[in-house]
Amino acid sequence: MYFPRVLKCPPRTLDQHLTEHRGLYRRPPTKTGFLLRGKGFGRNPVAGRATVEGMRIILLGATGLVGRAVAAALEPRHEIVPVSRTSPVEADLNDPGSLDALFETAPDAVVCCAANVPLRPLAELTDEQVLDDLRAKLLGQVALARRAAERLPAAGSITLTGGTFTEPIPGSGLGALVNTGLAGFVSSAAAELPRGPRINVVSPGWIAETLEAMGEDGGRGTPVAVVAEAYRALVEGDANGRTVVPR
Ligand SMILES: NC(=O)c1ccc[n+]([C@@H]2O[C@H](COP(=O)([O-])OP(=O)(O)OC[C@H]3O[C@@H](n4cnc5c(N)ncnc54)[C@H](OP(=O)(O)O)[C@@H]3O)[C@@H](O)[C@H]2O)c1
């Protein structure tokens with residue numbers, strides 16, 4: 001697997017991440033840890049960090065395979081605002097202007113699991129095609145993150161979606177470019193936002209349910225529920241600048 005050398009924090013597995021932060025995720029909510037809507041987060045005075053209940057979370061890609069699983073993982077403890085190009089709350093990563101209105105709902109966190117980069121043989125790519133393929137998943141997520149960094153409370157978080165090719169496969173060049181770009185982006189952006197919000201990316205390999213839908217062996221992939229757990233851990237935890245590869 002290729003990890004960009006510029007990453008200060010190498011991608012880690014979800015297990016490694018959960019092991020390091022086990023205490024945090026298991027801490028029961030405290031009475032003082034409530035959300036002060038419009039005034040930022042309630043704080044746990046002992047831990048000095050935002051508590052993990054009652055956030056309003058914008059979820060882009062909510063109608064997709066990953067988005068539905070992420071919603072199921074977060075819904076019991078948070079308010080989800082589902083967004084896609086066809087949801088009642090609409091936004092299009094190809095149209096950065098459409099992202100501004102999302103922040104009128106005063107969210108505490110943003111999760112994006114929208115948009116794909118198709119596998120396309122290098123020989124068939126035109127310059128226009130390259131730009132088109134980079135527009136939503138790379139440039140669109142950067143546009144979303146820039147807006148979120150300005151508008152979320154300091155204790156909030158931005159969680160993006162990349163991907164992982166365990167080995168190069170035909171047509172994966174642009175996808176690899178996007179994945180590596182997002183990993184580098186969150187690492188650098190986190191360093192620029194020392195007071196928050198936190199920013200991370202989940203980079204799954206093939207998802208079991210997707211492989212099965214393609215008529216392939218789902219056992220080679222990661223169950224979508226495991227992938228969703230990575231998002232939940234990043235939203236509720238304190239990781240920053242990380243690329244998490246769920247396994
Ligand atoms: N499935 C896998 O095996 C796998 C593996 C690694 C990484 N990933 C990544 O995980 C993410 C989610 O994958 P998935 O399998 O859940 O995809 P999916 O089922 O096709 O869902 C994609 C979601 O994104 C929304 N969407 C697509 N283009 C959009 C745009 N331009 N602006 C706003 N919303 C848009 C779709 O809704 P509308 O069409 O209504 O807008 C849908 O809600 C993608 O970034 C994908 O590359 C997936």
Phi to ³J(HN,Hα) by Karplus 6.51 cos²θ - 1.76 cosθ + 1.60 over the stretch 79-85, Hz, x for Gly, Pro
9, 9, 9, x, 9, 7, 6
Under unit Cβ charges (Lys, Arg +1; Asp, Glu -1), what dipole magnitude, rounded to 20 debye, does the stretch 88-184 have relative to its Cα centre?
300
Go through the stretch 65-70 residue by residue and turn each phi into a ³J(HN,Hα) via Karplus (6.51, -1.76, 1.60, θ = phi - 60°); whole Hz please, and just put x for glycine and proline.
4, 5, x, 5, 5, 5
Could you tell me which of rounded, prolate or oblate describes the stretch 71-211, using a ≥ b ≥ c as the square roots of the eigenvalues of the alpha-carbon gyration tensor, with rounded for a/c under 1.5 and, failing that, prolate when a/b is larger than b/c and oblate otherwise?
prolate
Just rank VAL142, VAL66, VAL235, fewest to most, by other beta-carbon atoms within 10 angstrom.
VAL142, VAL66, VAL235
How would LEU65, LEU122, LEU174, LEU60 line up from fewest to most surrounding beta-carbon atoms within 10 angstrom?
LEU122, LEU65, LEU174, LEU60
Long-range HN-HN contacts of VAL81 with modeled amide H, under 5 Å:
ILE57, ILE58, LEU59
Stretchable slack from ARG247 to ASP127, in nm (0.36 nm times residue separation minus alpha-carbon distance)
39.7 nm
Semi-axes of the equivalent ellipsoid for the stretch 63-148, please: Cα gyration tensor eigenvalues, times 5, square-rooted, ordered largest first, whole Å.
27, 16, 10
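Among ILE57, ILE199, what is the fewest-to-most ranking by other Cβ atoms within 10 Å? It would help to have the intermediate numbers written out before the result.
Numbers: ILE57 24, ILE199 29.
Final ranking by Cβ density, sparse to dense: ILE57, ILE199.
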When Rg is the radius of gyration of the Cα atoms in the stretch 148-204 and Rh is its Kirkwood radius, what does Rg/Rh come to?
1.09
Give a residue-ordered list of calculated ³J(HN,Hα) values for the stretch 204-214 (Karplus: 6.51 cos²θ - 1.76 cosθ + 1.60, θ = phi - 60°; whole Hz; x for Gly, Pro).
x, x, 4, 8, 3, 5, 5, 4, 4, 5, 8
Give me the distance between the Cα centres of the stretch 104-146 and the stretch 173-247, rounded to whole Å.
14
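Bear in mind that the values in this text are calculations on the coordinates, not laboratory data. Note that the structure is a prediction, hence the values are computed from the model and not measured. No Cβ is skipped: glycine too gets one built from the backbone with ideal geometry, and neighbour counts run over all protein chains shown.
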